[in-house]
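Structure, as structure tokens:
The values are calculated or read from the model by the stated rules, or taken from the named source; none is laboratory data. Treat the numbers as computed from the prediction; the structure is a model and nothing was measured. We place every Cβ from the backbone using ideal geometry, glycine too, and count neighbours over all the protein chains shown.
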Amino acid sequence: MKTRKLGTNGLEVSTIGFGCMGLDFSYTHKLTREESITLIRQAVDRGVTFFDTAEVYGPFTNEEIVGQALRPVRDQVVIATKFGFNIVDERWPAWTAGPSTSGKWPMHP
């Protein structure tokens, strides 16, 4: 697998990244947790080192699946995640850049 350097700090990732949104969010068919973990680990076996997720996927469950799948190879991969969603009752009515006031998720203004 070819790689690319990102920025000037030496971060290097595979040229092919794995967008994890579709594992359990957005599309009509969701994979089981076990199927998702197997698929992510197969991607690692094929040289993929860049994975993208977000707290809003699920919400919250996608990051948990990605974390579980990549735990054994955490020092070999890069995980990107998006944040800033003010998720309330599994909906995101607003954006926020501040920390959770309750100290837990979901974030409330």
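If you take the residues of region 10-32 that are in a loop (DSSP other than H, G, I, E, B) and closer than 15 Å to Ala80 by Cβ, which of them is nearest to the chain's Cα centre (by Cα)?
Cys20
Hey, can you tell me all the residues within region 65-87 that are touching a residue at least 60 places away in the same chain (Cβ under 8 Å) and assigned to a helix (DSSP H, G or I)?
Across region 65-87, there are no qualifying residues.
Do we find a residue being of a type outside the set (D, E, K, R), in contact with a strand residue (DSSP E or B) (Cβ under 6 Å, 6 or more places away or on another chain) and more than 19 Å from Glu12 (Cα to Cα) anywhere in region 37-54?
Checked against the condition, which is being of a type outside the set (D, E, K, R), in contact with a strand residue (DSSP E or B) (Cβ under 6 Å, 6 or more places away or on another chain) and more than 19 Å from Glu12 (Cα to Cα), region 37-54 yields at least one hit.
So, in region 34-64, of the ones that are modelled with pLDDT under 95 and not in a loop (DSSP other than H, G, I, E, B), which residue ends up nearest to Ala80 (Cα to Cα)?
For region 34-64, the residue satisfying everything is Thr53.
Looking at Gly98, Gly103 in this structure, which one is modelled with pLDDT under 85, loosely packed, with under 14 Cβ neighbours inside 10 Å, part of a loop (DSSP other than H, G, I, E, B) and at negative phi?
Gly98
Report yes if some residue within region 39-58 is touching a Ser or Thr at 6+ places or on another chain (Cβ under 6 Å) and farther than 24 Å from Leu6 by Cα; otherwise report no.
no
Checking Arg4 against (1) touching a Leu at 6+ places or on another chain (Cβ under 9 Å); (2) modelled with pLDDT of 95 or more; (3) basic (Lys, Arg), which test does it fail?
(1)
Can you name every residue in region 1-40 that is closer than 19 Å to Glu64 by Cβ and loosely packed, with under 14 Cβ neighbours inside 10 Å?
If the condition is that a residue be closer than 19 Å to Glu64 by Cβ and loosely packed, with under 14 Cβ neighbours inside 10 Å, then Gly19, Ser26, Tyr27, Thr32, Glu34, Glu35, Thr38 are the ones that fit.
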